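Before any comments, here is the structure.
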Amino acid sequence: MAKKTTKRTTTRSTSGGGTRITLNKFAFWLIIIIGIAMAVGAVCHYIGFTHSEALFNWIKSICFTLAMFIPVILSYRHARYKSQSWFIVWIIFTVLIVFGLVSTLIALF
């Protein structure tokens, strides 16, 4: 007789209450939206329709800003198990990096 095998799929729950799958889906859809905005912006630029170029650049900037939260969340999962001094250093550098990237993408400066 042949052995009967069953396939089980499991998801690991993270301490934030969610699963890694939701973060992966968020990353996937951000990449799709960024790609669409870049493709449509490139086509509009090629055609010479520059009025919508600013809109697509703005959408692309917002998506890149949102995409920055993925490595921040993943690095937090690692940094929270370090000592308190390393965690404070992580917080300082994370704030500097996020503020620097967000300000250049949204063009605050």
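The values are calculated or read from the model by the stated rules, or taken from the named source; none is laboratory data. For clarity, every value in this text was computed on a predicted model and none was experimentally measured. All accessible areas refer to the heavy atoms of the entire protein, side chains included, with ligands and DNA or RNA removed. Shrake-Rupley method; radii C 1.70, N 1.55, O 1.52, S 1.80 Å.
Structure above, values below:
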| read-out | value |
| --- | --- |
| ³J(HN,Hα), Karplus 6.51/-1.76/1.60, whole Hz, each residue of region 65-82, x for Gly, Pro | 5, 5, 5, 5, 6, 5, x, 5, 5, 5, 6, 4, 4, 8, 6, 5, 8, 7 |
| Potential extension, A54-V72 segment - 0.36 nm per residue separation minus Cα distance | 3.7 nm |
| Under the Karplus curve 6.51 cos²θ - 1.76 cosθ + 1.60, θ = phi - 60°, whole-Hz ³J(HN,Hα) for region 46-57, x wherever Gly or Pro sits | 5, 6, x, 8, 8, 5, 8, 4, 5, 5, 5, 5 |
| Percent of alpha-carbon pairs separated by more than 15 Å within region 58-105 | 48 |
| Region 88-99 - phi-based ³J(HN,Hα) in whole Hz, Karplus 6.51/-1.76/1.60, Gly and Pro as x | 5, 4, 4, 4, 4, 5, 5, 4, 5, 5, 5, 5 |
| Average accessible area per residue (Å²) across region 42-109 - probe 1.4 Å, nucleic acids and ligands excluded | 75 |
